[in-house]
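Reviewing the structure listed below.
We did not get these values from a lab; they are worked out from the coordinates using the rules stated. Keep in mind it's a predicted model, so treat the numbers as computed, not measured. Cβ placement follows ideal geometry from the backbone for every residue including glycine, while neighbour counts extend to all protein chains displayed.
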Amino acid sequence: MDSILVTGNGPLSGRIPIAGAKNACLTLMPATLLSEEPLTLTNAPRLSDIRTMTALLQSLGAEVTSLQGGQVLAMSSHDLNNHVADYDIVRKMRASNLVLGPMLARLGHAVVSLPGGCAIGARPMDLHIHGLEALGAEIELRDGYLHAKAPRGLKGAVVEFSFASVGATENVMMAATLAKGTTVLKNAAREPEIVDLATCLRKMGARIEGDGTSEITIEGIDRLHGATHPVVTDRIELGTYMLAPAIAGGEVECLGGRLDLVASFAEKLDQAGVTVTETETGLKVARTGGPIRAVDVTTEPFPGFPTDLQAQMMALLATAEGTSVLEERIFENRFMHAPELTRMGARIEVQGGTARVTGVEQLKGAPVMATDLRASVSLILAGLAAEGETVVSRVYHLDRGYEHVETKLQAVGAKIERIRG
């Protein structure tokens with residue numbers, strides 16, 4: 001099993017290109033199931049999760065061809081021959097549940113295994129089921145599979161989510177594009193990935209308004225056509241690499257970065273003493289002055305502070321002056337990286353959904369273990385600021401969400417390498 005070796009090597013300098021968004025691409029790919037015509041995605045990230053979604057779509061009868069080194073995905077669902085999303089594929093990745101809405105809308109039936117992914121909380125399917133049932137679906141859980149059918153077709157309805165769930169918003173929005181009548185999603189998620197999906201669906205002919213707000217209106221149509229669409233910049237990868245110079249010192253430009261994607265996160269960096277500047281080609285991040293200042297962080301749905309940047313932010317605050325309080329409001333069980341950071345000398349106290357981080361002057365390199373995707377990269381970031389060598393094991397999590405992480409960090413002066421196991 002591979003591991004990553006990081007040696008603290010001082011300030012960073014240079015440019016890092018930011019890939020297309022994993023979470024956006026994993027949402028856009030199932031949209032091909034809504035149409036018989038081709039859907040082509042450009043700026044696709046080259047990640048293991050994308051390969052998993054490719055395998056899932058192919059198992060349903062869709063054609064998926066990877067072009068230009070994986071940065072272009074050419075898809076066609078003109079001849080779907082299977083309506084069962086099998087556990088052996090779905091268990092690997094939470095986003096697999098996003099085939100449910102499109103298959104139900106297009107085929108009138110679907111059987112989808114309950115999903116897997118990182119072990120960071122229950123993340124139940126209740127909101128997906130509630131939304132699709134409001135559109136007229138009949139859904140039953142049997143033997144770990146959701147058996148869904150719409151014998152009279154899907155019909156527009158008002159769906160109010162009890163929580164602004166990104167996945168449920170995406171699933172129901174896709175299904176509603178082919179439903180009869182008008183669907184209104186209330187307390188809808190507002191993430192950039194939602195806007196990107198709506199933009200792509202509009203290119204396919206869908207009638208959608210209000211994406212990016214808490215109320216989205218979809219006017220159903222009979223059929224969608226093909227389209228070509230670029231995947232939006234990955235705001236989580238962007239935020240992660242913005243933290244590299246913040247932790248190690250120096251100045252790095254994140255190419256393709258946009259401040260509107262990470263505004264609340266950039267505000268916390270500013271409070272901590274890190275400078276973020278917009279450029280013609282991205283965002284420049286610099287830490288050239290004194291120590292990091294402690295700040296409090298609460299994770300919230302977009303446009304609040306992203307839960308997917310909480311672990312990485314904790315690595316930064318482990319070296320801050322003073323005590324920071326991090327409150328996790330999105331997922332339970334998402335402080336599993338804290339004991340590993342503690343192995344590196346961090347002072348962290350976790351109680352329920354709150355972590356108190358008292359900064360130390362210097363982290364120490366140590367052997368540590370990745371527990372999930374974002375935890376894995378938080379340990380790499382901590383290693384950039386640590387004295388000596390840090391070895392991060394179980395980095396198969398890392399490859400689900402970050403392409404060529406060693407190459408990108410090496411390019412700005414980090415001393416990092418992959419050890420093949």
Tilt of helix 263-272 relative to the longest C-alpha principal axis of the chain, in degrees (0 to 90, nearest 10)? 10 degrees
Taking only DSSP H segments of four or more residues, each worth -39500 (n - 2.57), what value at 222 nm results for the chain once the sum is divided by all its residues, to the nearest 500 deg cm²/dmol? -8000 deg cm²/dmol
For region 206-279, restrict the atom set to alpha-carbon positions and state the Rg and Dmax in Å. 17.6, 55
On a 0 to 90° scale, report how tilted helix 192-203 is relative to the longest principal axis of the chain, with both axes built from alpha carbons and the result rounded to the nearest 10. 40 degrees
Of all DSSP beta bridges with both partners in the chain, the antiparallel percent, nearest 5, is 70 percent
Let's see if you can work this out: charge +1 on each Lys and Arg Cβ, -1 on each Asp and Glu Cβ, no other charges. What is the dipole magnitude of the chain about its Cα centre, in debye to the nearest 20? 360 debye
When only Cα pairs under 8 Å and 6 or more residues apart are kept, what is the percent relative contact order across region 336-421? 24 percent
Once Rh for region 22-230 is found with the Kirkwood sum over Cα pairs, what is the Stokes-Einstein diffusion coefficient at 25 °C and 0.890 mPa s, in µm²/s? 149 µm²/s
Note down the relative contact order for region 208-354 as a percent, whole number, built from C-alpha pairs under 8 angstrom at least six residues apart. 17 percent
Between region 345-367 and region 218-268, the Cα center-to-center distance that results, in Å: 28 Å
Short version: what are the Cα gyration tensor semi-axes of region 1-72, square root of 5 times each eigenvalue, largest first, in whole Å? 32, 15, 10
Hey, got the dipole for region 309-393? About the Cα centre, +1 on K and R Cβ, -1 on D and E Cβ, debye to the nearest 20? 80 debye
Taking every pair of distinct Cα atoms and averaging 1/r, then inverting, what Kirkwood hydrodynamic radius in Å comes out for the chain? 21.8 Å
Hey, what did region 22-230 get for relative contact order, percent, Cα under 8 Å, at least 6 apart? 21 percent
Distance check, please: which entries in K203/K268; K186/K268; K284/K364; K180/K203; K149/K186 exceed 31 angstrom between their Cα atoms? K203/K268
Most fluctuating of V395, V158, V368 in the GNM of the chain (C-alpha, under 10 Å) is V158
Rounded to 10°, Cα long-axis angle of helix 235-248 versus longest principal axis of the chain: 0 degrees
